[in-house]
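The values are calculated or read from the model by the stated rules, or taken from the named source; none is laboratory data. Since the model is a prediction, treat every value here as computed from it, not as a measurement. Glycine gets a Cβ as well: all are built from the backbone with ideal geometry, and neighbour counts include every protein chain shown.
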Amino acid sequence: MQFVVLTIFPAMFDPFWAHGIIRRAIAGQKITAATINIRDFARDRHHVTDDRPYGGGSGMVMKPEPLARAIRAALEKVSSGKTILLTPQGKAFNQQLAQELATLDGLILVCGRYEGIDERICHDLIDYEISTGDYVLTGGELPAMIIMDAVTRLVPGVLGGEDSAAQDSFSNGLLEHAHYTRPPNFEGKPVPEVLLSGHHQEIAKWRRESSLMRTLLKRPDLLLQKDLRPTEIEILQKWGGMIQKIISFYHREHGEHSAENED
Ligand code: 4FM
């Protein structure tokens, strides 16, 4: 995977390239990482990249000519690269989109600044408009790092175990199971016993249930979207039955027809 970032603040990316799994992926030649300074493609004396908006109003707009030249320079560098503009108006970024992007050979990430970029850039020179979330930042640089981070760990050979990315949250439509490490008792809270038992089958079963339970409690929307497996339906039915029992017990204790003292 080849990443090229277009930005007026290339130095923001130096610490990003220099740490952790991203650094290792570059060292191991699983990815390449480069920045292009949009300012270098401005041809006036002061290398200006912004201008006042037509129609008036406050704030500045990113000029089209330097940006267009920078994108064309990036396209020459990256064979079969796709261009991405980071913008709140884009398609919502998620794990599925990360997986799609990870299959491509090169990504050119275009980071705007100021109040926006000239609309005419988008039509011919941008393949994807992507948003990392419903909030407004001062530029596309942080979203570009988010995309590269999520995509890099999906590039074959970047993560240690071949199946580490396949076992992620979201790749199966569920959140990850709970994790524990030593000590066996931390501030009065013990590690679930089954995890200390060494029974691999029981541990796998516990993790599947933990995963489903966490998703139900924290992100029920994910369960509504997911094509559930028969074993998952079985577990949900078991819990549903348990909840029904608790409610029935409550009604028996309080008397089903005593509407005068409800709740
Ligand atoms: C984008 C500022 C373009 C100026 C931004 C320009 C964002 C997001 C975001 C800010 N990008 N997801 N949310 N960008 O806020 O992707 Cl010209």
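Things to note:
- Failed item in (1) within 16 Å of the ligand (Cβ to nearest atom); (2) surrounded by fewer than 17 Cβ atoms within 10 Å (Cβ to Cβ), with residue 196 passing the rest: (1)
- Of the candidates 139, 106, 198, 133, the single residue that is farther than 27 Å from residue 58 by Cβ and out of contact with any strand residue (DSSP E or B) (no Cβ under 7 Å at 6 or more places or on another chain) is 198.
- Filter pass, residue 55 being touching a residue at least 12 places away in the same chain (Cβ under 8 Å) and of a type outside the set (Val, Ile, Thr): no
- Test: residue in segment 159-168 that is in contact with a helix residue (DSSP H, G or I) (Cβ under 6 Å, 6 or more places away or on another chain) and more than 16 Å from the ligand (Cβ to nearest atom): no
- Which listed residue is aliphatic (A, V, I, L, M), under 18 Å from residue 61 (Cβ atoms) and surrounded by 13 or more Cβ atoms within 10 Å (Cβ to Cβ), from 121, 84: 121
- Qualifying residues in segment 144-165 (those that are outside any loop (DSSP other than H, G, I, E, B) and among the small types (Gly, Ala, Ser)) - the one nearest to the chain's Cα centre (by Cα): 150
- Top-ranked residue of segment 171-193 - restricted to ones that are farther than 30 Å from residue 93 by Cβ and among the charged types (D, E, K, R), ranked as surrounded by the most Cβ atoms within 10 Å (Cβ to Cβ): 193
- Here residue 157 fulfils each of the conditions (1) surrounded by 15 or more Cβ atoms within 10 Å (Cβ to Cβ); (2) modelled with pLDDT of 95 or more; (3) in contact with a Gly (Cβ under 9 Å, 6 or more places away or on another chain) apart from (1).
- Qualifying positions in segment 18-55 - among the hydrophobic types (A, V, I, L, M, F, W, C), crowded, with 18+ Cβ neighbours inside 10 Å and either farther than 19 Å from residue 118 by Cβ or touching a Leu at 6+ places or on another chain (Cβ under 8 Å) (or both): 22, 25, 31, 33, 36, 38, 41
- Top-ranked residue of segment 221-246 - restricted to ones that are of a type in the set (A, V, I, L, M) and closer than 17 Å to residue 211 by Cβ, ranked as surrounded by the most Cβ atoms within 10 Å (Cβ to Cβ): 235
- When segment 58-82 is filtered for residues that are touching a Ser or Thr at 6+ places or on another chain (Cβ under 8 Å) and in contact (Cβ under 8 Å) with a residue 60 or more places away in the chain, the ones remaining, listed by number, are 67, 71, 74.
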